[in-house]
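Read the structure below first, then the notes.
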Amino acid sequence: MKQHKIYEPTDKMILLISDNYNVLQTMEAFGIGMGFGDKTVDEVCAERMVDTFTFLAVVNFTINGYHEVYDIEKLSVPTLLHYLKASHRFFLHFQLPYIRESLIGALDTENNLAKLIIKLYDGYAKEIKAHMNYEEKNVFPYVEALLRGEEPTDYDIETYSKHHRKTLQLHELKNIIIKYLPDDEKRSNLLSTTLYNIYNNEEWLLLHEKVEENIFIPVIRNMEQKQKKDDLSLKISNMISQNDKNVDVLSEREKEVIVGVVQGMLNKEIADWLHISTNTVITHRRNIARKLQIHSPAGLTIYAIVNNMIDISKVSI
């Protein structure tokens, strides 16, 4: 049942657990163990070097489904990565194998129906492993590259989002187990406990996927957009800086030649205007092209306007 409360940094950490015991698994994924006494969420997170804002964003979302209340800019991508990777380790190396062992221990494995149950579960586990291995090999390395300031060109978070499949449900398997429950009290108790774990596993996996959909993907999408803006700003800055340098290396005569070209003058007209020979004008234009790597009148026009060499009203278009 949803606890319609938004937990805050000043709340006692033990309150989260007493209100919602399922948060224990989330805490474990963040690297937060027990033994924190009466400390607040903020104090415990600080001790465990976990970003408090990100921790509470995930907790409040998984408990109440709230994801509209956080500032996406304040979420810590490294903290989210740690959480998702730890969640994967829990599923792949503990939860899935544990449930399988429990099934084997509770079933008569010589029984054909029991063999079918194990086969169905193995297919389910295989799909979960494939999904998580894909993220481990493609998504997480991509995000880590973004964090390093790199610009991968062969992947983006939109590709991941489009192929982010929902976890397989185990309706058939659960129904078979319920119908199969043996009369043997010991086996029945073991199988009931295993069935309970399967239901919990499905619920937690669904929350895990929702965190990826509603928090992780939007955060990385925002990160990509910011990086693109930063790259564009840097390119523009470099262009302006480079243009300033180019203006400095141009001689005054070369600048005058550019102004003449921009005003639509022919080489002979520029020569008459500057009282130099046509061959000298051609030489100047050749040097301008070499220095600026601009070889067209249109390019020189843009260059002259950007560098305030001529008023746009005097440009011949």
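The values are calculated or read from the model by the stated rules, or taken from the named source; none is laboratory data. In this text the structure is predicted, and so the values were computed from the model without any measurement. Neighbour counts are summed over all protein chains in view; Cβ atoms, including those assigned to glycine, are modelled from backbone coordinates with ideal geometry.
Brief remarks follow.
For (1) within 19 Å of PRO78 (Cβ to Cβ); (2) assigned by TED's automatic domain parsing to the domain that holds GLU202; (3) surrounded by 13 or more Cβ atoms within 10 Å (Cβ to Cβ); (4) among the hydroxyl-bearing types (Ser, Thr, Tyr), each residue gets a yes or a no:
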position: TYR7; (1), (2), (3), (4): no, no, yes, yes
position: ILE14; (1), (2), (3), (4): no, no, yes, no
position: ILE17; (1), (2), (3), (4): no, no, yes, no
position: GLU28; (1), (2), (3), (4): yes, no, yes, no
position: ILE32; (1), (2), (3), (4): yes, no, yes, no
position: GLY37; (1), (2), (3), (4): no, no, no, no
position: GLU47; (1), (2), (3), (4): yes, no, no, no
position: ASP51; (1), (2), (3), (4): yes, no, yes, no
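- Considering residues of region 1-39 that are acidic (Asp, Glu) and farther than 26 Å from LEU206 by Cα only, the residue farthest from the chain's Cα centre (by Cα): ASP38
- Residue in region 278-291 that is buried (at least 16 other Cβ atoms within 10 Å of the Cβ) and outside any helix (DSSP H, G or I) present: no
Residue-wise test of (1) closer than 30 Å to MET223 by Cα; (2) touching a Pro at 6+ places or on another chain (Cβ under 7 Å); (3) in a loop (DSSP other than H, G, I, E, B).
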site	(1), (2), (3)
PHE90	yes, no, no
GLN95	no, no, no
ILE99	no, no, no
MET132	yes, no, no
TYR142	yes, yes, no
SER161	yes, no, no
TYR196	no, no, no
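- Matching entry among LYS228, LYS268, LYS245, LYS235 (being part of a helix (DSSP H, G or I), among the basic types (Lys, Arg) and modelled with pLDDT of 90 or more): LYS268
- Test: residue in region 13-22 that is of a type in the set (Ser, Thr, Tyr), assigned to a loop (DSSP other than H, G, I, E, B) and without any contact (Cβ under 8 Å) to a residue 40 or more places away in the chain: yes
- Hits in region 23-39 - residues which are of a type in the set (Gly, Ala, Ser), in contact with a His (Cβ under 9 Å, 6 or more places away or on another chain) and not in a helix (DSSP H, G or I): GLY31
- Residue within region 40-48 that is within 19 Å of the chain's Cα centre (by Cα) and not in a loop (DSSP other than H, G, I, E, B) present: no
- Among the residues of region 79-118, the one identified as over 35 Å from the mean Cα position of the chain (by Cα) and of a type in the set (Lys, Arg) is LYS115.
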